[in-house]
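Right, one structure below, let's go through it.
The values are calculated or read from the model by the stated rules, or taken from the named source; none is laboratory data. If you're wondering where the values come from, they're calculated on a predicted model, not measured in any experiment. Note that we place each Cβ from the backbone using ideal geometry, even for glycine, and neighbour counts take in every protein chain shown.
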């Protein structure tokens, strides 16, 4: 008996959960309602961007002496860990927390942050943004391979993802949600 996976996968991805739910139609949906397909797509894109870390690691391992290959691969792994911690601690707040002219002013450690995109869970959006912050920090690793102390590089990763990347990101994308709300009006 051969099971065909593609039709089952298409069914579960394309049929919204609301069509499968039983109810009289008079119940109000819980707030906020999340769109499963949008969430799946954002997470898939985040995982694909996360694989850029492995790609950078392989390129850098191929460009250095063999004796330092393990060092550069460990550096890439911990680079993403420290970048994620920095972006979680204050990077997201500086990038999307409020509408300050230069940086965001609220949402430290993701406390009190509203869902930035309607229909998308906060943590899915955070992960999508965090993998880009991590990729931005690891781009420099190839140029610094065999030239910088390990601890100093990890401090660089934290600082870049916690302060530098979010400030520039706020200047570019930070106020988009507020501008969209102003043009479309409440409820959009």
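For segment 96-147, which positions are in a helix (DSSP H, G or I), farther than 15 Å from residue 86 by Cα and over 15 Å from the mean Cα position of the chain (by Cα)?
Listed by number, the residues that qualify are 141, 142, 143, 144.
Taking residue 70, is it in a helix (DSSP H, G or I) and surrounded by fewer than 16 Cβ atoms within 10 Å (Cβ to Cβ)?
Judged against the criteria, residue 70 is a match.
Just to be sure before I move on: is residue 154 surrounded by fewer than 14 Cβ atoms within 10 Å (Cβ to Cβ), touching a residue at least 12 places away in the same chain (Cβ under 8 Å) and in a helix (DSSP H, G or I) in the structure I sent?
no
Select, from 150, 158, the only residue that is within 30 Å of residue 73 (Cβ to Cβ), more than 16 Å from the chain's Cα centre (by Cα) and at pLDDT 85 or above.
150
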